[in-house]
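In what follows, a structure is listed as structure tokens, so that the remarks can point back to it.
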Amino acid sequence: MTQAIPNSYRSGPDDTGHFGIFGGRFVAETLMPLILDLQKAYEDAKADPAFRKEMDGYLKAYVGRPSPLYFAERLTEHLGGAKIYLKREELNHTGSHKVNNVLGQIMVARRMGKKRIIAETGAGQHGVATATLCARFGLECIVYMGAVDVARQQPNVIRMEMLGAKVVAVQVGARTLKDAMNEALRDWVTNVHNTFYCIGTVAGPHPYPMMVRDFQSIIGEETRVQMQELEGRLPDSLIACIGGGSNAMGLFHPFLDDPSVDIYGVEAAGHGLTNLHAASIAGGRPGVLHGNRTYLLMDEDGQIQEGHSISAGLDYPGIGPEHSWLHTIGRVKYLSATDEEALAAFQLLSKLEGIIPALEPAHALAKVGELAPTLPKDHLMVVNLSGRGDKDVPQVGDILKGRQS
Amino acid sequence: MTTRIDTRFAELKVEGRAAFVTFVMAGDPDPATALEIVKALPKAGADIIEIGMPFTDPMADGPSIQAAGLRALQAGMTLRKTLQLVRDFRAADDKTPIVLMGYYNPIYIYGVDKFLPDAKAAGVDGLIIVDLPPEEDAELCLPAMKAGLNFIRLATPTTDDKRLPAVLANTSGFVYYVSITGITGSASADSSAVSAAVARIKRHTKLPVCVGFGIRTPEAAHDIARHANGAVVGTALIDALKGSLDADGKATARTVSAVADLAAALAQGVHGAKQAAE
């Protein structure tokens, strides 16, 4: 690596929202005053003990935290190497890690007096979490979702509507997550006076990547304490799937300054890295989209390409800017798993542990299957089980049925 | 540094009229037709031409301009070809100012250090980059000024008096006032609110102020031109272009004239307005 190793990997971003060259505030002027307001409101909230206390109350009684750190005994035996622990984010209310961030942002929106909440969603997990908290706090909720994702994630569309949200099927572009985010940004520019944009991942203009990371860091903070209780020491490695990268950043961030902890992020390799995929770091380069500079999939003219993955939550052509920085300085290793590998891991965990994972963390589990057998039995590995697979049951069922006939 | 934009506004001031600023998309519906359209605009009365640089993810644009960009990309348009379009236009017109408008990523990928001299040499006079607020001035705005290109900033209804000086600090050529909070082509601008906003901006700058987003008709353009130094029309021209295409979205014999005829009508609206702005 050509760059100097910083004193801490946890001090970013700088005042202008940069992690090295990544991040920033690449937005239309209409939004800029609001983004500065948001930054101030978030800093005030962070400094206010009452905010933390209220958050903690909801995290415990409404979300169901802390989420367990579970020793996956049969998976460990099956793989015959590292001792595998699952961080059970899929047990949270609404079924994924997304709710940690949404709760935080909704509380900030309330402090700012915003009554109309918009969100983008891919797999629908962030949309469901946003719809849930808007129902809880009596806020108007509009969720933008690509029309392709609306079709393949029907259970979550129905859930959002039951919770009182309006789901807008986005018909432009490839009609997946990137296009949903474009439409949400267009809504925000239009309704900036009363609207709060609840971004679902560690991307977008500053302060979003930092704010979402902070709200998700509870995953890693709990893991530290729980591993201390269970094993009396730090884990040896962490692994999580990455679309935008919020569940991964939440697990990783509290451990970035522990050099003994190896950290792996797993991108979606779709049909393979030489084919259609969504692995921004493996197959992309730095560019500017959706308010930040980060690794992106694009052509030689700088036109953004579509991400492709079996998982609607991972097929985004970018990644959070802090991940791009952690990749560049070499603190986190970024791997990728194909659709096929994820499908196999999805079935393996279901059968060995009685836990049906979402297709997103199934990508991380696929790489656990490669890494764990090469590691000693006293190696402690934590996998972020970021979501449950209920939403994927119809889709995976169809794929498997198609293969039998 | 005096650019064609500065010269044009000095001439307009002498004539006591506002600028008619047109926006069309480079390469829409195909590179050859787009060149013919751009060539026809000065004859139709355009004082300044904004040319859109197509981008896959135009987050501040409404459906019409989104679709125009996608038509251009499908027809093989690139930033390199957009610069070629400007060169070809310049071969026969050395006076009409050309402003490239779009998003940062294609320029960033082209390479800022290479793009600026190439654009200047092609005959570009100014840049409007929607996703580069003053907070990111080091990226392109400051190097563009050094390269002799105007960097034209957008001011919006959310840009308050406290923020205006920062927005205007490194702006040159003119100030583009976005008359609505919203995407291009979505709502119509209210001329009394626009008049107040232009007056507010003029308290902070001597630069000309042009108004855009939401101007569709000669009457509306006339109204805006009374209160500002220029009226920008984009979506209406692109809708006229789209209406002239065949079922496959290809240009027809009517395409160039459909845009030019509407531009001529709009130009009359703008040029008939007595300036109250100075």
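The B:Ala187 and B:Lys274 beta-carbon pair, evaluated with R₀ = 25 Å, returns a calculated FRET efficiency of approximately 0.45.
Averaging the sequence gap over all C-alpha pairs within less than 8 Å and six or more residues apart, then dividing by the number of residues, gives chain A a relative contact order of 21 percent. A straight line joining the Cα centroids of the stretch A:368-386 and the stretch A:297-357 runs 18 Å. For B:Ile201, B:Ile107, the sequence from fewest to most other C-beta atoms within 10 Å is B:Ile201, B:Ile107. In the stretch B:18-271, Cα pairs under 8 Å separated by at least six residues give a relative contact order of 23 percent. Shape analysis of the protein assembly as shown places it in the prolate category; the axes a ≥ b ≥ c from the Cα gyration tensor give an a/c of at least 1.5, with a/b above b/c. For chain A, taking a cut-off of 4.7 Å between Cβ atoms, the unpaired cysteines are A:Cys198, A:Cys241.
For chain B, a Gaussian network of Cα nodes joined below 10 Å ranks B:Leu245, B:Leu154, B:Leu168 by mean-square fluctuation, and the top entry is B:Leu245.
Of all lysines in the structure, the ones whose alpha carbon falls short of 19 Å from that of B:Lys114, not counting any fewer than 8 places away in one chain, are B:Lys81, B:Lys146. For A:Arg233, B:Arg71, B:Arg4, the sequence from fewest to most other C-beta atoms within 10 Å is A:Arg233, B:Arg4, B:Arg71. Taking the inverse of the mean reciprocal distance over all distinct Cα pairs, the Kirkwood hydrodynamic radius of the stretch B:1-139 comes to 15.4 Å. A simple spin-label model places pseudo-atoms 7 Å from Cα toward Cβ; at A:Leu36 and A:Glu370 they are separated by 4.7 nm. Shielding value for B:64-76 is 1, the average number of Cβ atoms from other chains within 10 Å of each residue's Cβ. For the pair the stretch B:52-70 / the stretch A:184-207, the C-alpha centres are spaced 19 Å from each other.
Take the alpha carbon gyration tensor of the stretch A:248-293, find the square roots of its eigenvalues, order them as a ≥ b ≥ c, and report rounded if a/c is under 1.5; if not, report prolate when a/b exceeds b/c, else oblate. Could you put the intermediate results ahead of the total?
Working: a/c = 2.83, a/b = 1.54, b/c = 1.84.
Oblate is the answer for the stretch A:248-293, as a/c is 1.5 or above yet b/c matches or exceeds a/b.
Under the classification rounded if a/c is under 1.5, otherwise prolate if a/b is larger than b/c and oblate if not, where does the stretch A:41-127 fall, given a ≥ b ≥ c as square roots of the Cα gyration tensor eigenvalues? Taking the square roots of the gyration eigenvalues as a ≥ b ≥ c, the stretch A:41-127 is prolate.
Counting only residues at least eight positions apart within a chain, or on another chain, the lysines with an alpha carbon under 25 Å from that of A:Lys46 are A:Lys60, A:Lys98, A:Lys114, A:Lys115.
The alpha-carbon atoms of chain B, seen along their principal axes, cover 48, 42, 33 angstrom, with the largest extent given first. Annotation for B:Asp160 and B:Asp94: the two label points, set 7 Å from Cα along the Cα-Cβ direction, are 4.9 nm apart. Each residue of the stretch A:386-392 is assigned a 3J(HN,Hα), and the resulting list reads 6, x, 8, x, 3, 5, 9 Hz, derived from the Karplus form 6.51 cos²θ - 1.76 cosθ + 1.60 (θ = phi - 60°), x at Gly and Pro. Taking a straight Cα-Cα cut-off under 17 Å and skipping sequence neighbours fewer than 8 places away in the same chain, the aspartates and glutamates within cross-link reach of A:Lys377 are A:Glu73, A:Glu77, A:Glu231, A:Asp236, A:Asp262. Give the separation of the Cα centroids, the stretch A:212-265 to the stretch A:85-160, in Å. If you average the Cα positions of each part, the centres end up 23 Å apart. Exposure proxy ranking for B:Thr22, A:Thr274, B:Thr78, A:Thr190, based on other Cβ atoms within 10 angstrom of each Cβ and starting from the fewest, stands as A:Thr274, A:Thr190, B:Thr78, B:Thr22. Normalising the average separation of contacting C-alpha pairs (under 8 angstrom, six or more residues apart) by the number of residues puts the relative contact order of the stretch A:1-144 at 15 percent.
Using the structure shown, select from A:Lys40/A:Lys166; B:Lys206/B:Lys274; A:Lys87/A:Lys391; A:Lys166/A:Lys351 the pairs with a Cα to Cα distance greater than 27 angstrom.
Details: A:Lys40/A:Lys166 29 Å; B:Lys206/B:Lys274 19 Å; A:Lys87/A:Lys391 19 Å; A:Lys166/A:Lys351 36 Å.
Listed pairs above 27 Å: A:Lys40/A:Lys166; A:Lys166/A:Lys351.
So in the protein assembly as shown, what percent of DSSP beta bridges are antiparallel if you round to the nearest 5? Mind dumping the intermediate values first?
Working: 15 of 75 bridges.
Taking every DSSP beta bridge within the protein assembly as shown, about 20 percent pair in antiparallel fashion.
Label sites at A:Ile158 and A:Ser350, each approximated as a point 7 angstrom past Cα along Cα to Cβ, lie 1.8 nm apart.
The numbers here are math on the coordinates, done by the rules we state, and not lab data. Owing to the predicted nature of the structure, the values given are computational and were not obtained by experimental measurement. Using ideal geometry, Cβ is built from the backbone for each residue, glycine included, and neighbour counts are taken over all protein chains shown.
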